[in-house]
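The values are calculated or read from the model by the stated rules, or taken from the named source; none is laboratory data. Small disclaimer: the values here were computed from a predicted structure and weren't measured. No Cβ is skipped: glycine too gets one built from the backbone with ideal geometry, and neighbour counts run over all protein chains shown.
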Amino acid sequence: MKTTVKVTRGPGGWGGPFTVQETETRKVVASITGGGIHPLAQKIADMLHVPAVDGFKEKVEPDTMIIAVVDCGGTLRCGVYPKLGVKTIDTHPISPSGPLSRYINEGNFVSGVVEDNITLVESAETDTAAEEAPKAAPVTKAAAETPAASSKGMVGFITNSGRAIGSVVNIFYQAGRDSVEIVLKSILPFMVFVSIMVGIINYTGVGNVLANAIKPLAGSLPGLLGLSVFCAIPFLSPVLGPGAVIAQVIGVLLGVQIGKGTIPPSYALPALFAINSQVGCDFLPVALTLAEAEPETVETGVPAMLFSRLITGPIAVLVAFLLSFGLY
């Protein structure tokens, strides 16, 4: 009887519960988080007596994963592995969101998990192999089947025209539904977040304190270059990246101070690039896996990309600074 582990949602989390165990093909626990192997991944691996693998250092094939541990803030990574048929733990307490949210369900995803939510079960029953990810609802195409006997003349022309028009209308209708879903699940929550942050900053007066702290950095080109290098440090950039939370908070602070006139408006564009040097660094292992890169490519490509940000980040700030002349 193989060891079986049960995973339940944490405080404020979503999804689950489900159980996992080692199978003939799934023999590793993948940690796709910055800063080494996550404690949750290590605990599951120890309980199942299997290795935990750092996805930032070596490639892990999806069909060999017992479970994947990610730290996505609700953008893309949280849906990548459910789409690939791998059960996923998100350390952040989020609900299905992002462009791949349609593949997330309670049977293959759980969020907000802490170590107390991981327990052993005394049963050989398990559902390690994730159920086939639900397919996205295809755009409805009216009259997909060709009639047995094609109509001719005016009646046939009217029939074919109606089918063509119906197909176009359905495409626009589906596009409208997708747009509304993205607005409700991604854009509006972000707008509420920004509004709350601005309100807290203005009400508490903490903005004035933070303005004095960040003005030496955000109020000069050398400071922005230093901020860009800091955000691009290889061991920090994967941690700062998930959900773009750090960039959002700093961006709100800078926006408020630019609006008040504390920081010159001409620094808005270079500041945007300075606080986003880490963008995408948390997604590198996932992207290379989706591209079916060789293990050697992953092992060398991820560090190469992380270190390259130390060069491209400040360069982007300089270019943005030059292009900002005449904008304000």
Handout entry: Condition broken by E24, with the remaining ones in (1) closer than 15 Å to P285 by Cα; (2) free of Cβ contacts under 8 Å to residues at least 60 places away in the same chain; (3) not hydrophobic (A, V, I, L, M, F, W, C) satisfied
Key = (1)
Practice task
Select from region 210-234 the residues that are at pLDDT below 80 and of a type in the set (A, V, I, L, M, F, W, C) and list them in ascending order.
Solution key: L210, A211, A213, I214, L217, A218
Handout entry: Single condition T8 does not satisfy, out of (1) crowded, with 21+ Cβ neighbours inside 10 Å; (2) touching a helix residue (DSSP H, G or I) at 6+ places or on another chain (Cβ under 8 Å); (3) within 24 Å of P96 (Cβ to Cβ)
Key = (1)
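Restricting attention to region 101-119, which residues are under 25 Å from D63 (Cβ atoms) and either crowded, with 20+ Cβ neighbours inside 10 Å or touching a residue at least 60 places away in the same chain (Cβ under 8 Å) (or both)? Steps first, please.
Within region 101-119, the first condition is being under 25 Å from D63 (Cβ atoms), and the residues that meet it are 101-111, 113, 118.
Within region 101-119, S101, Y103, I104, N105, E106, G107, N108, F109, V110, S111, V113, I118 meet the criteria.
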Exercise for the section: Just name the residue that is surrounded by the most Cβ atoms within 10 Å (Cβ to Cβ) out of those in region 67-94 that are modelled with pLDDT of 85 or more and polar (S, T, N, Q). Expected result: T88
Problem - Subset of region 131-176 that is surrounded by 12 or more Cβ atoms within 10 Å (Cβ to Cβ), out of contact with any Pro (no Cβ under 7 Å at 6 or more places or on another chain) and under 30 Å from T88 (Cβ atoms) - its residue that is modelled with the highest pLDDT - result: Q174
Completion exercise
The condition of being among the polar types (S, T, N, Q) and modelled with pLDDT of 80 or more holds, among T289, T312, T262, only for T312
Problem - Among the candidates A274, A291, residue that is more than 17 Å from F321 (Cβ to Cβ) and either touching a helix residue (DSSP H, G or I) at 6+ places or on another chain (Cβ under 9 Å) or aromatic (F, W, Y) (or both) - result: A291
Completion exercise
Being on the phi < 0 side of the Ramachandran plot, modelled with pLDDT of 90 or more and surrounded by fewer than 17 Cβ atoms within 10 Å (Cβ to Cβ) narrows T64, T19 down to just T64
